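The values are calculated or read from the model by the stated rules, or taken from the named source; none is laboratory data. This is a predicted model, so every value here is computed, not measured. Glycine also receives a Cβ, built like all others from the backbone with ideal geometry; neighbour counts cover every protein chain displayed.
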Amino acid sequence: MSEGVFMGRTDARDAALLDSALVDAAGSGDDRALSALYDRHSPAVARYAWALAENRHDAEELLQDTFVTLWRSARRIRLVDSSVLPWLLVTCRNHALNQRRKSSRHRSVPLPDDLGAIDHSDAAEQLRWVMAEIGCLDPVDRQVCQLCLIEGRPYDEVAATLGTSVGAVKQRVARARARLRKVVIDDEN
């Protein structure tokens, strides 16, 4: 490739062809090609990241993650219109969705200012109701619920105690939760 290609000196009709060549070069480990792609497309990706992110730090992280993904995936990228920009925008969006899911896991619900106003009798009644439903399970499922859900023991410890696999314990917990969820939904209707 000519020096003009890496320095960004091209006319508009060559831009699409140039993206294909730069992606191919980046896939072969040419960091100058990645730099040229960054110089060309980072303003558009940055604007898109700002639209998706909650703050400046998140937008900068989206921009960085998008181009790191380009660098790692360049060898496997097949461009449809010879422009890498649509691929970059979809990748940025996917990183934003992952970022949003990750941050939502760490958000907490604020406690009410007056904790004394909570009706603990209703919570105790619900706990009795849940315990009664667990009591209706078969003995092994009941024991798994007791150990995992009530006592909070890890699955591997419960599996060793019961002489079964971790997968079987997970399956029993999931089945018990589904049953309890169904009973709650049926009770509300």
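Of all residues in the stretch 171-189, those that are on the phi < 0 side of the Ramachandran plot have Cβ atoms under 6 Å from Cβ atoms of residues that are modelled with pLDDT of 70 or more and of a type in the set (D, E, K, R), 6 or more apart or on another chain, in 172/141; 176/141; 180/133; 183/133.
For every residue, the table says whether it meets (1) modelled with pLDDT of 95 or more; (2) more than 28 Å from the chain's Cα centre (by Cα); (3) assigned to a helix (DSSP H, G or I).
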| position | (1), (2), (3) |
| --- | --- |
| 14 | no, yes, yes |
| 17 | no, yes, yes |
| 82 | no, yes, no |
| 86 | no, no, yes |
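The residues listed here are 74, 96; of these, the one that is of a type in the set (A, V, I, L, M), at pLDDT 90 or above, over 28 Å from residue 21 (Cβ atoms) and in the same structural domain as residue 19 (by TED's automatic domain parsing) is 96. Return yes or no: is residue 40 closer than 16 Å to residue 100 by Cα and at pLDDT below 95? No, not satisfied. Pairs are defined by a Cβ separation below 6 Å, a sequence spacing of at least 6 or placement on different chains, a first member in the stretch 25-50 that is more than 14 Å from residue 91 (Cβ to Cβ), and a second member that is surrounded by fewer than 15 Cβ atoms within 10 Å (Cβ to Cβ); the pairs so defined are 27/75; 39/8. Yes or no: residue 126 surrounded by 15 or more Cβ atoms within 10 Å (Cβ to Cβ), at pLDDT below 90 and of a type in the set (S, T, N, Q)? Criteria not met by residue 126. You will find that of 49, 53, 33, 44, the residue that is of a type in the set (A, V, I, L, M) and more than 27 Å from residue 18 (Cβ to Cβ) is 53 and no other.
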